[in-house]
Each structure stands twice: as structure tokens, then as C-alpha cells.
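What follows is a set of notes on a single structure, which appears directly below.
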Amino acid sequence: GLDEAMEQRIRKLFRRMGWFTPLLRPTGLTPHMTAEQQANSNIELGRLSRERELGPVLDRITVPVRYVVASGTSFGSRGDEQEQIRTSLDTVTVRNANIQISAKVAGNHGAILRKEFPAVAEAVREVAALDRGQARWTRPAD
């Protein structure tokens, strides 16, 4: 996952983008944050998403959860970094039957809602069907 080299690349990327992101703010394409704040936010998210941090939380989920997983690369990532991060979901789904991957789509995580909305809608339908009792889910063992 996230290592020191990746953190430095994130900081460098947001510093480079920092001169033009304020111009994009009125369009809603960029947040109202400085380049440093955006980098720190992304790094913190990467740290919190580590299996050792997020795994125990996901293990305790007792309601149905469906993921729509992107298969593309993310802006600023290198090689198969994103795919390595995504593979941690496999261990979570094995440990907790309530968590399943509904679909793996071609885009990257930043475009799922815009480009892959049919897959997201299907994942919502899956969970809604479970809520109506049309399917069953299991509680993880304590």
C-alpha cells in the first residue's frame, strides 16, 4: 500500500497541480483546499485504508455491503499500485460474508459514479433485495 515514496509522489503531484486547481474550483471539479491540504487528505486516506487499520472495522460489519471496484489506474499512481491495494478486498470478503464485490468495472475510482452508474445501481438493488428479504446474509462470528 502506501509507503514513503508514494507519499512523496502524492505531495509532488498536488504541488504541481496547485497553480491551476483554484481556477477549476468554480466548476466544482476541485475541492476548496490548498494543494498541501489535498495531499495530506489523500495520504491520510491511504493510511486509514491500510488493511491493519480498516480490516478490523470491516470484520465487524453485520449488514450487507457491496463494492463496485475500479480496475483502472488512478491519477498519479504507478504500475500496479492500485491493483495491489484492491487485492486487500479479497481477504475481507473471505473473512466477512456480508461484504461482497458486486462488480469490477473498467474505469478508475474517480469516475465510477459518472461512468459506471449502472453497476452502482445494481449493487444498490442487491442490497435492497436483501433488505426486502429476497435473499439472506450472514453475521460474522464474534
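Around the amide H of Lys104, modelled in the peptide plane, lie the amide H atoms of Val69, all under 5 Å away and 5 or more residues distant in sequence or on another chain. Using the Karplus relation 6.51 cos²θ - 1.76 cosθ + 1.60 with θ = phi - 60°, the per-residue 3J(HN,Hα) values for the stretch 102-107 come to 6, 7, 10, 10, 6, x Hz, with x marking Gly and Pro.
None of the figures in this text is laboratory data; all of them are computed from the coordinates on show. None of the values given here were measured: they were computed from a predicted structure.
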